[in-house]
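These notes concern the structure reproduced below.
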Amino acid sequence: MARVSTPAAALDVLRLTFGYDSFRGTQEQVISHVVDGGDALVLMPTGGGKSLCYQIPAMIRPGVGVVISPLIALMHDQVTALDRLGVRAGFLNSSISPDERRATEQAAVAGELDLLYLAPERLGTEWTQEFLDRLEVSLFAIDEAHCVSQWGHDFRPDYLRLSILHDRWPTVPRIALTATATPATGREIVERLGLQNARTFVASFDRPNIQYRIEPKQQPLAQLLKLIRTEHAGDAGIVYCLSRKSVEKTAEALSREGITALPYHAGLPSAVRSAHQTRFLREDGVVMVATIAFGMGIDKPDVRFVAHLDLPKSIEGYYQETGRAGRDGLPATAWMAYGLADVVQQRQMIEGSEGDAQHKRLLGQHLDAMLGLCETLRCRRQLILGHFGEASEPCGNCDTCLNPPEAWDGTVPAQKLLSTIVRLKRERNQQYGAGHLIDILLGRRTERVERWGHDGLSTFGIGTDLTELQWRATVRQLLANGVLAVSGDGHGTLNLTEASWPVLRGDQQVQLRTETLVRTQRSGRRTATRPDGVPRTRSLAADMLAAGDREVFELLRAWRADTARTASVPAYVVFPDATLTGIAQARPSTLEELMAVNGVGLKKLEQYGDDVLTIVAAASERPPEDDTDPSPV
Ligand code: ADP
Ligand code: ZN
């Protein structure tokens with residue numbers, strides 16, 4: 001049988017079905033390799049375009065591509081999105097009725113599906129295995145493959161079963177994909193999934209459109225509000241908090257301020273969780289306040305910011321969470337507020353945790369790397385990419401690049417603090433947390449200071465050259481770089497470490513990062529902020545357009561909201577923002593012109609083409625909008 005060459009066939013599918021002009025990064029190589037029957041391990045950042053790497057081969061190869069995905073709650077949306085593109089897809093998981101299940105199974109057996117999404121636990125049953133035996137399977141795609149790693153941050157026991165794919169169906173090509181790939185995780189995936197013969201494709205992990213910013217935590221809620229109001233009004237975003245309680249408090253506080261904010265954590269009833277997730281996906285401009293239980297596989301392309309109000313436990317987790325911003329390639333912000341209490345809390349949690357010494361050491365290493373990122377004087381992106389083994393230049397789009405922090409010699413303050421700890425321990429056998437030590441250094445006669453006679457210490461009042469804020473920043477940085485330790489007793493007691501002594505003796509200098517309130521306020525310049533500094537009140541995509549195009553965009557957006565609501569699908573399934581902006585700029589007047597816009601494929605052309613052309617034509621006939629900007633709010 002004559003076959004069209006892989007690259008040509010793949011490009012046809014890319015253009016006609018998905019409506020994109022060209023492949024990104026390693027996509028084309030991966031697709032060729034898998035179409036030709038090879039196994040692949042694909043490491044690509046969130047938003048890099050992993051889905052096409054298995055969807056296109058599944059459409060080209062005979063049979064049905066079976067996609068193993070842990071994201072049961074999202075399978076429905078994934079399949080709907082494919083359906084809108086004219087791709088024949090179905091899913092099997094615990095959420096569907098027996099009738100739906102049978103219909104999907106029959107369609108798969110009859111060869112009527114290109115893609116079948118399957119929850120990993122299903123593979124454990126003999127029944128499913130026999131069902132798969134009856135199919136012509138074109139490939140197995142293992143999405144979120146890092147879930148197989150026991151040392152990683154998302155371990156799913158069901159994923160260990162996936163070794164069966166190779167054992168039982170050795171001739172079916174397998175493609176494992178993940179966005180979390182330190183070299184160690186990569187090796188573990190290969191090992192556990194038996195991918196020794198797979199070719200590994202590593203894309204750059206850089207997400208240049210995301211601006212990385214980490215600022216000292218002072219009044220976290222006020223800082224967050226400022227971020228939303230001045231840079232992300234009306235945008236969809238995710239706010240991550242560590243505890244369920246802070247999730248609820250933050251969501252309430254934002255709602256009181258008139259922001260559409262919804263809570264999400266594992267303690268909420270599952271109906272509430274899924275209702276909130278659906279609103280986040282379907283409505284424009286919803287802010288989800290969540291624990292890390294939320295987000296994996298959320299492929300909403302127009303999340304404009306991800307904010308962390310608490311310190312993540314590892315760079316891997318942080319990068320994956322922040323990677324949920326800006327998948328559409330438009331500017332987005334990854335912002336975090338972090339302070340002394342975060343460091344104390346996390347160090348303490350590790351100290352007090354159950355696990356064995358090796359496990360604690362591992363957690364400690366993850367945290368150290370994360371703290372290193374927070375306290376760095378270098379480009380944040382360079383440091384993150386370096387963590388994933390990728391060399392790069394300073395990026396120009398992170399806070400340290402935009403507003404280089406200064407270093408100052410903190411040796412003397414460090415010595416004052418450390419010697420206070422030494423004296424308390426040596427002379428009185430007492431130990432205290434940061435707050436009390438700072439009171440002593442600042443010479444404050446608090447009730448506790450007087451009760452314990454700490455105003456008699458020789459270090460009492462010797463630290464008045466620094467403010468309380470500066471002291472807290474100093475303690476935080478000493479904890480971050482291991483010159484201080486916190487015990488696991490739950491009281492935040494500060495202790496010396498091996499690294500304290502060289503500092504006390506003056507053999508080792510301590511470099512600290514300057515941070516001032518002023519700096520915090522000045523930071524935050526970004527390409528998408530309006531040059532006149534007027535706070536944005538429209539969505540970012542609209543903001544990037546010229547006034548006339550913006551009007552077309554807003555009309556298209558309103559049409560999209562209606563269409564999505566009627567069809568009960570997320571707005572971006574109709575068209576993502578990036579495509580609507582493209583249409584607003586191109587102002588197509590024929591279907592051919594519309595098809596040339598990135599993101600418009602045949603099926604959507606057929607479904608929406610006439611509507612879109614009518615809107616564009618009507619908008620273009622109106623008198624142009626007054627180009628002056630509305631007054632600042
Ligand atoms: P990942 O799964 O790696 O996080 P996705 O597969 O969801 O990323 O892709 C992210 C976004 O990029 C989606 O909106 C997708 O449609 C788009 N995309 C993927 N490949 C291309 C391409 N070659 N050209 C244009 N857009 C693309
Ligand atoms: Zn940078």
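The values are calculated or read from the model by the stated rules, or taken from the named source; none is laboratory data. It should be emphasised that the depicted structure is a prediction, and the values quoted were computed from it without experimental measurement. When we count neighbours, we look across all protein chains shown, and the Cβ atoms used for this are built from the backbone with ideal geometry, even at glycine. Surface areas here come from the heavy atoms of the whole protein model, side chains and all, with no ligands, DNA or RNA. Shrake-Rupley method; radii C 1.70, N 1.55, O 1.52, S 1.80 Å.
Points to keep in mind about this one:
- Neighbour-limited loop hits for GluC sites (Glu not before Pro), the stretch 83-114 (at most 15 other Cβ within 10 Å; DSSP other than H, G, I, E, B): Glu112
- Ordering of 489-501, 234-246 by packing [mean C-beta count within 10 Å, highest first]: 234-246, 489-501
- Bridge type composition, the chain - antiparallel percent by DSSP, nearest 5: 10
- Counted by Cβ distance under 9 Å from Leu580, the other residues give a net charge of +1, where Lys and Arg count +1 and Asp and Glu count -1.
- Distant-in-sequence amide H partners of Glu144 (H built 1.01 Å from N, under 5 Å): Leu177
- Counting Lys and Arg as +1 and Asp and Glu as -1 over every other residue whose Cβ lies under 11 Å from the Cβ of Gln129, the net charge comes to 0.
- Taking packing as the residue-averaged number of other Cβ atoms within 10 angstrom, the listed peptides 382-389, 586-593 run from highest to lowest as 382-389, 586-593.
- The stretch 257-312 and the stretch 406-454: distance between their alpha carbon centers, rounded to Å: 42
- Gly285 long-range amide H proximity, modeled H, under 5 Å: Ala236
- The distance linking the stretch 5-55 with the stretch 347-371 is 39 Å (Cα centroid to Cα centroid, whole angstrom).
- Across the stretch 443-458, rounded Karplus estimates of 3J(HN,Hα) from the backbone phi angles (6.51 cos²θ - 1.76 cosθ + 1.60, θ = phi - 60°) give x, 8, 8, 6, 4, 5, 4, 6, 4, 9, x, 6, 6, x, 5, 5 Hz, Gly and Pro being marked x.
- Amide hydrogen proximity for Tyr338: with H placed 1.01 Å from N in the peptide plane, the residues at 5 or more positions away or on another chain lying under 5 Å are Glu215, Lys217.
- Element breakdown for the chain at a 1.4 angstrom probe: carbon and sulfur atoms account for 51% of the accessible area.
- Cut-off 11 Å between beta-carbons: net charge of the residues surrounding His265, Lys and Arg +1, Asp and Glu -1: +2
- 3J(HN,Hα) from dihedral phi, the stretch 194-207, Karplus parametrisation 6.51/-1.76/1.60, rounded to Hz, x for glycine, proline: x, 9, 4, 9, 6, 8, 9, 10, 10, 8, 4, 8, 5, 10
- Here each label is just a point 7 Å from Cα along the line to Cβ, and for Glu354 and Thr128 those points are 2.7 nm apart.
- For the chain, adding -39500 (n - 2.57) for each run of n ≥ 4 DSSP H residues and dividing by the number of residues yields -13500 deg cm²/dmol at 222 nm.
- Screening the chain for whole DSSP H helices of 24 Å or more along their axis (Cα) with average Kyte-Doolittle hydropathy at least -1.0 returns 357-375, 411-428, 547-567, 602-621.
- Under a model in which nothing but the beta-carbon of Lys, Arg (+1) and Asp, Glu (-1) is charged, the chain shows a dipole of about 1560 debye around its Cα centre.
- For a straight C-alpha distance cut-off of 29 angstrom, the lysines reachable from Lys217 (same-chain residues fewer than eight places away being disregarded) are Lys226, Lys245, Lys249, Lys300, Lys313, Lys360, Lys416.
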